[in-house]
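One structure is given below, encoded as structure tokens.
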Amino acid sequence: MSRKLLMAAVASLVLGACSEDASSPVPQINTTRSLESGTSQDSSHYVITAEQKITALQRKMQEARKQSLDVTREETVLWFANEFLKYASWDEANQEAVAYAFAQYAPYAERSEQLAADIPDFQRQKVIEILDAATAELDQVITGTITRRPVPKVDWQNIEVGDNMLLSDGKPIFLYDYFSKSVGRPLTDTAVYNDHLGAIYHGGENLYPVDHDRAINSFLLKEDGTFDEALLSEVTGIDNSNVGFLIYWNMGIPEWVEAREPEVRKGRSLFTGYDIDNPLVRDVWGTIAKETGALTRDKKVTQLGYILANEPHWYSEAGHWSQNFQEMNEISSYTLTHFREWLHEKYAGEIAPLNTNWKTEFASFDEVSIDIPINPETRGTPIWYDWSRFNMDRSINWFSFLQSKLKEGNPSADTHIKIMPNMYSENNRSHGIDVEALTELTTMIGDDAKARESRLLNHKNPEKWEAHYSLFWEEMSMSYDFMESVSPEKIHVNSESHFLSASWWRDLDTSVDYVHAIYWLATLQGMDANMAWFWARDPDGSFEDRLEGELNFFDPALAGSFAGSVNQQPHIANAFTQVMYDLNSFSQEIIQLRKQRRPLRLFHSETSAINKPFHMSEQFDVYEKLFFEGFPMGFATQKIIQKQDNNSWDAVLVYKTEFVTRAELEALQQYLDNGGTVIVDSPESLSKDEYGLPHSVALKGPKERLVQLSGDATLEDIRELALDTVKESLPRVKLRESNGTGHKGVRWQAIAQQDGRYLISAINLGKNDATLTLNVEGGGELNVVDMLTQKPVSVTPVLAPKSVVLWQVRVGQ
């Protein structure tokens, strides 16, 4: 696949870009017209108003400093206000270029010129809004109406990587920055690397999607086995001042490899541009991983780990969208051989059982063949299961190989994989990603989770979540609880957080409340560091080089990603930093909440997920029912039961999980034998093996610990039974919700503190106001304080949608 075609594929996939837009000429950037001249007479009153409000806030800050009050938050507001006034002027002076960027994003294409005309004043108005909000809040601080904790600034040069948290000045810290930051800017450029935008060094991703320079990639190694010293110097010459990460950029492969291995592109996927079963690919990458690991050992740029892959996936079913981009349209002879070897082991060398399962007549494993992409109508049959399970196992093998070679050069290297969480949360299972196995494999948890405040722009009809919630949280929350259950003691890095915009979602008028809610939720559920998608402004307000065609190509994918993004949203850029300030101000309390025990575990079987077309949707139904009950939901699997302390939870719930391997069934039986409690929703669950054959054995245990339901229990019945089973582990402080519907929406946690008080976090994910009632077991008067403001709170407070609260509760005698 040519590089030009590959870039077009990326643009179309990421943006839904219109082909006629992508082929239109790139507009020239206005580099001579002064920024001031871009401000129209009609817009001047916005600029004047903003400047007046900047002056007013500066005066208010001087007053606060005289009282020794922290004004870090206001310093950031001022920074963003001044920056976005500059950006607005640049956009106004370069309206043709801005219109071109809007045109690269399909949902905006028809309105591109009008949007480009409107966006300067939109930014100015939002600057005025954030200045007004900051001034009003600081006035309350000065008058003593509210009390804020000072912001602990991140010491970007001296981050400590702890056992399960990051530390700055000895205290937990949650790091923040932007993915794919303005290309080529050094760490010394404080206009890009600072407390306002973040200062994590991006070892490679700031050049996305270029194959060369700084990213660890296939082109580092020459055919004679020596390294390209010029390219290698981009890796070894990385600034070692700040915390950062390195990425293996797997998109390209050198021509000399293709010449020697004509099959090397067979079985490729979008961001892994070669066959991972190819022996030459393994030789090349094994050498690169080992050498670059040794050369970057103990550097600060590796503190957040080596990212072994960007969004790996190998969708292999016919009709999937990935087929449009030549992904997994066929497999190589190496993959077929690997598959045959896997089948030989799976069937213990006996071809007859395979023929029975597949309804074939192969004489030996050497004759086994399979059509890839596989027919999705075979889902639920043995051939589908065998291929899908093998596809996962081969990717596990590939990443195990990469990591082992890296650790030969750098034994202490931390690693993670930028896993798309929908590989877990969605129903598709032809993608080759076993989220549990890969999360367990690496030393850190890695992902690029998404969330959003409104409907996908390519969906005309309402989505299911819209009926009850103010934001889409399913993918992030369910996958985070799963990954944290698999690896509870690992640092969690979201290296491309799509909370502010994504391929088919963005909203120029995204609410500040949404930003606060989603970052609180993600951090409470385990996220330690995140790089938001994405920052593409140079300090003068212009597009960064890749959007201006200064790297020998103009990237329409990034141009379209720029349109309507945080780069044109001062209120959202400011909100992102402000919520990270708040989270870091209460980092110790957040860590306490994250350590809350997960008393109830939902049993996850990848066997059922592979076989059933809607298994994960069914699992979310019961997960959702238990998500709003005052404790973090957990998961159990065969490996979790076998490897973790079973006293970490009280009960395992099995729900609509018909297909399990014999090993999974034995793990549950062992848990029962050791005194555990298992709730099974119906006789159908746990009844079949991976090939749909009835199990010859069933779980056995006393009725009080093996709770076998008849099959007609409702979700509400199951919820009540599960909560009753773990009632001794539920918080003593209770929170009841009334929102005018029968559907809960406030996700809350409550933990006891050492001084006898309780810490409560609550986020209203629902679409309606929620009236809460706080009480405590055994009675007693409650004294509630809002920790964010130190103001007293009623025991029957009302939370608006997307509201975030952190309360401290004292129980009177």
statement: Only unsatisfied item for Gln642, checking (1) open to solvent by 10 Å² or more (accessible area, probe 1.4 Å); (2) over 20 Å from Val660 (Cα atoms), is (2)
- prompt: surrounded by fewer than 22 Cβ atoms within 10 Å (Cβ to Cβ), among the β-branched types (Val, Ile, Thr) and either out of contact with any Leu (no Cβ under 9 Å at 6 or more places or on another chain) or within 30 Å of Trp748 (Cβ to Cβ) (or both), is that true of Thr661?
  reply: yes
- request: Please work out which residue is most open to solvent (accessible area, probe 1.4 Å), limiting yourself to the stretch 58-90 and to residues that are among the aliphatic types (A, V, I, L, M) and more than 23 Å from Asn567 (Cβ to Cβ).
  value: Leu69
message: Consider the stretch 161-201. How many of its residues are under 26 Å from Gly526 (Cβ atoms), out of contact with any helix residue (DSSP H, G or I) (no Cβ under 8 Å at 6 or more places or on another chain) and surrounded by fewer than 15 Cβ atoms within 10 Å (Cβ to Cβ)?
response: 4
message: Can you tell me how many residues within the stretch 238-263 are over 19 Å from Val493 (Cβ atoms), open to solvent by less than 60 Å² (accessible area, probe 1.4 Å) and in a loop (DSSP other than H, G, I, E, B)?
response: 8
message: Cβ contacts < 7 Å: first residue within 11 Å of Thr789 (Cβ to Cβ) and open to solvent by 60 Å² or more (accessible area, probe 1.4 Å), restricted to the stretch 130-152; second residue hydroxyl-bearing (Ser, Thr, Tyr) and not in a helix (DSSP H, G or I), any location; separation 6+ or different chain. Result?
response: Thr147/Thr789
- request: Could you grab me the full set of residues in the stretch 692-720 that are buried (at least 17 other Cβ atoms within 10 Å of the Cβ), in contact (Cβ under 8 Å) with a residue 40 or more places away in the chain and of a type outside the set (Val, Ile, Thr)?
  value: Arg719
field: Enumerated helices (runs of 4 or more DSSP H) restricted to the stretch 553-618, each holding at least 1 residues that are under 30 Å from Asn391 (Cβ atoms) and not aromatic (Phe, Trp, Tyr)
entry: 556-562, 606-611
Pairs with Cβ under 7 Å, 6+ apart, first in the stretch 399-418 and over 13 Å from Leu295 (Cα atoms) and in a strand (DSSP E or B), second open to solvent by 10 Å² or more (accessible area, probe 1.4 Å) and hydroxyl-bearing (Ser, Thr, Tyr): Thr415/Thr443
- line: Taking the stretch 54-67 and keeping only residues that are among the polar types (S, T, N, Q) and either under 38 Å from the mean Cα position of the chain (by Cα) or at pLDDT below 95 (or both), one is left with Gln58
Filter result for Asn240 (at pLDDT below 95, touching a helix residue (DSSP H, G or I) at 6+ places or on another chain (Cβ under 6 Å) and not basic (Lys, Arg)): yes
statement: Restricted to the stretch 318-377 and to residues being assigned to a helix (DSSP H, G or I) and basic (Lys, Arg), the residue surrounded by the most Cβ atoms within 10 Å (Cβ to Cβ) is Arg340
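The values are calculated or read from the model by the stated rules, or taken from the named source; none is laboratory data. None of the values given here were measured: they were computed from a predicted structure. Neighbour counts are summed over all protein chains in view; Cβ atoms, including those assigned to glycine, are modelled from backbone coordinates with ideal geometry. Areas reflect the complete protein model, heavy atoms only, side chains present, ligands, DNA and RNA absent. Shrake-Rupley method; radii C 1.70, N 1.55, O 1.52, S 1.80 Å.
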